Amino acid sequence: MERARSNRRACNAQTAIAWIDGLRLTMRKQNRLKPLNFRSNYELVRGYGEELAVASAATVDDCGLITLRTVEDPRGSLTIAEGEQDIPFSIRRVYYLYDVPQGGARGGHAHRNLHQVLVAVTGGFDVVLDDGAVRRRLRLQDPRTALHILPGVWREMDRFTENAVCVVLASELYEASDYLRDYQEFLVWRRS
Ligand code: T46
């Protein structure tokens, strides 16, 4: 009974991954999703110089920048983030970070299953992405540019401007057990 349930869960997870991969592929073909290995978009912070055996988990390069559709007219600008259209997953949760004190940091964890998209709707901040092998820093400061972070990628956020507001679109509801908050534990998880 338990095995059937866990097989079903694994099967559902695989279907979800295939579905999100399909959406991402379509978005890439339409040039709406640019992988992070577009070098101009990031600064290489640290490379471990060796490939780690990470079986199925996503890498930093799998994360991507999405140019969101924007309608501009004399009244101002309107940027759109529709789930399964502009965002490569169905959006189940939205939250936002703001009033981050100068010099403050957020994040410092990875998710086992959660996909997230981050947008700096005002101001800006840095995001450091780390897959256990490669670590990269990039800056978000344009409300039309969204960053898709895949499950299994560690993120840290710092260098917030005073007025920064970070909107986060998430593929799942909040689940404390989905977090890996200890970096050493994260590395072990990546290698397992
Ligand atoms: C992430 C970065 C970008 C909830 O109760 N529900 C929620 O949906 C969230 C996101 C958080 N919380 C609680 C859990 C903690 O007690 O709010 C508290 C602060 O959360 P946390 O320390 O995880 O906040 P950040 O800014 O470090 O991380 C958050 C997200 O948790 C995380 O998924 O990727 O923003």
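Give the peptides 118-126, 66-74 in descending order of average Cβ contacts within 10 Å, highest first. Write down the numbers at each step before the final one.
On the way: 118-126: 18.6, 66-74: 12.3.
The densest-packed peptide leads the list: 118-126, 66-74.
Suppose we look only past 28 Å in the calculated P(r) of segment 58-191. What percent of the Cα-Cα pairs does that tail hold?
Numbers: 1240 of 8911 pairs.
When all Cα pairs of segment 58-191 are counted, 14 percent exceed 28 Å.
Work out from phi, with θ = phi - 60° and the Karplus expression 6.51 cos²θ - 1.76 cosθ + 1.60, the ³J(HN,Hα) of each residue of segment 121-126, listed in order in whole Hz, and give x for Gly and Pro.
With the stated coefficients, segment 121-126 comes to 6, 9, x, x, 6, 9 Hz.
Name the GluC sites (Glu not before Pro) in segment 146-188 that are in a loop by DSSP and that have at most 10 other C-beta atoms within 10 Å, would you? List each step's numbers first, then the result.
On the way: sites: Glu156, Glu162, Glu172, Glu175, Glu185; in loops: Glu162, Glu172, Glu175.
Taking segment 146-188 and a limit of 10 other Cβ atoms within 10 Å, the loop GluC sites (Glu not before Pro) found are Glu162.
Using θ = phi - 60° and the Karplus form 6.51 cos²θ - 1.76 cosθ + 1.60, what ³J(HN,Hα) does each residue of segment 78-86 get, whole Hz, x for Gly and Pro?
Computed from phi, the couplings for segment 78-86 are 9, 10, 10, 9, 8, x, 6, 10, 8 Hz.
Roughly how many percent of the accessible protein surface of segment 58-191 is carbon and sulfur, given a 1.4 Å probe and a whole-percent answer?
48 percent
Under the rule of at least 5 residues apart or a separate chain, name every residue whose amide H is placed under 5 Å from the amide H of Ala164.
Here Gly124 satisfy the definition.
Please compute the per residue accessible area over segment 58-191 with all protein chains in place, 1.4 Å probe, rounded to a whole number of Å².
47 Å²
The values are calculated or read from the model by the stated rules, or taken from the named source; none is laboratory data. Since the model is a prediction, treat every value here as computed from it, not as a measurement. A quick note on method: Cβ atoms are made from the backbone with ideal geometry, for glycine too, and the neighbour counts reach across all protein chains shown. SASA here: full protein model, heavy atoms, side chains in, ligands and nucleic acids out. Shrake-Rupley method; radii C 1.70, N 1.55, O 1.52, S 1.80 Å.
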